[in-house]
Amino acid sequence: LGEKVAWRLGFGAAGVGMAIGLVIYLSGLRWMPPDPMARGAEKVTHPPMTLHDWRTVGVLALLVPVFALSFVGNNEIFNAYLLWGRDHYQLDFFGQTMPVSWLLSLDAIVSSVTVLMVVIFWRWWSRRRREPDEIVKAGIGALLAAGGPLILAAASLHAVGGHKVGLVWGLGFHFVNDLGFAMLYPVGMALFSRAAPAALGATVINSFTFAIFLSNLAVSWLAGFLGKMPGAAFWTMHAILVAIAGVLLLVCGWLFRRTLAPGGGGQGAKGPGEFAEADLAVIGAKETPGGAAALDD
């Protein structure tokens, strides 16, 4: 609406949609459990931090920039990808030009499908064999997500000389990227939620979202290379960065397996699957997106 008609109408429609969402939320409050009264309630006390707790916090802090690196391929969707798509995709259909911003809507639809696929897959897997820990799932997800930018690199090779490629290339990119991201962000959040010491639970969980901030900083810098290097090299660079993050996650999963193991001293002893499935809902907001080894000794 904003891109095709007027931006004021686009922003206005967004405001109306948010207002409708607020009305729906307020109308459903009577079905939600009551919140405990904060006033007069006894102060919650947490057990003191142990050496294992501090080790866990140190390892999780080390993982924040690694997760940030693994997100660069996905977060570039909201930056240079739109410029690249405008110039390289065939967006004319039946005499009409599809707004390039609709690529974000396409990604939202595809990501909803891939989340369900991931949930179904891990349910199927858990009935037959033991599920890997969250960090292993995240590493696999990053390696899988690295294939997304590689698809765009291949599309760039086909788009030489002003030739535009079909949107099927975009569908392939979004599917592979979102499939990997479904095993990255929500599973990473599940890892931080489970492993966080009780005394610092909220702080540690919120620190995971700092990875998104770091990733967006990196993405804004990387986007500057779009006009300075060939498209194939630009997207291959993103694929390499995401793949490196995937390898680092798997290596950290091996180095710190005792510290990050379920039941190893965090908030509880639940297994990875019990958290990952619940936290997969987080991805619904995707729209809108050396000496460390001594810690385990």
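The values are calculated or read from the model by the stated rules, or taken from the named source; none is laboratory data. Predicted model, so just to flag it, every value in this text is computed and none were measured. Here the Cβ is made from the backbone with ideal geometry for all residues, glycine too, and neighbour counts use every protein chain on show.
All of I109, I135 fail the test of being touching a Lys or Arg at 6+ places or on another chain (Cβ under 9 Å) and at pLDDT 90 or above, apart from I135. Contact map, the range 166-179: residues that are surrounded by fewer than 23 Cβ atoms within 10 Å (Cβ to Cβ) paired with residues that are assigned to a helix (DSSP H, G or I) and among the small types (G, A, S), Cβ distance under 6 Å, separation 6+ or inter-chain. Pairs shown: W169/A155; V176/G147; V176/G148. Say whether the condition of being buried (at least 17 other Cβ atoms within 10 Å of the Cβ), over 20 Å from F67 (Cα atoms), at pLDDT below 95 and not hydrophobic (A, V, I, L, M, F, W, C) is met by at least one residue in the range 210-230. Within the range 210-230, not a single residue is buried (at least 17 other Cβ atoms within 10 Å of the Cβ), over 20 Å from F67 (Cα atoms), at pLDDT below 95 and not hydrophobic (A, V, I, L, M, F, W, C). When the residues of the range 233-289 are filtered to those that are in a helix (DSSP H, G or I), modelled with pLDDT under 95 and small (G, A, S), the one that is surrounded by the most Cβ atoms within 10 Å (Cβ to Cβ) is A276.
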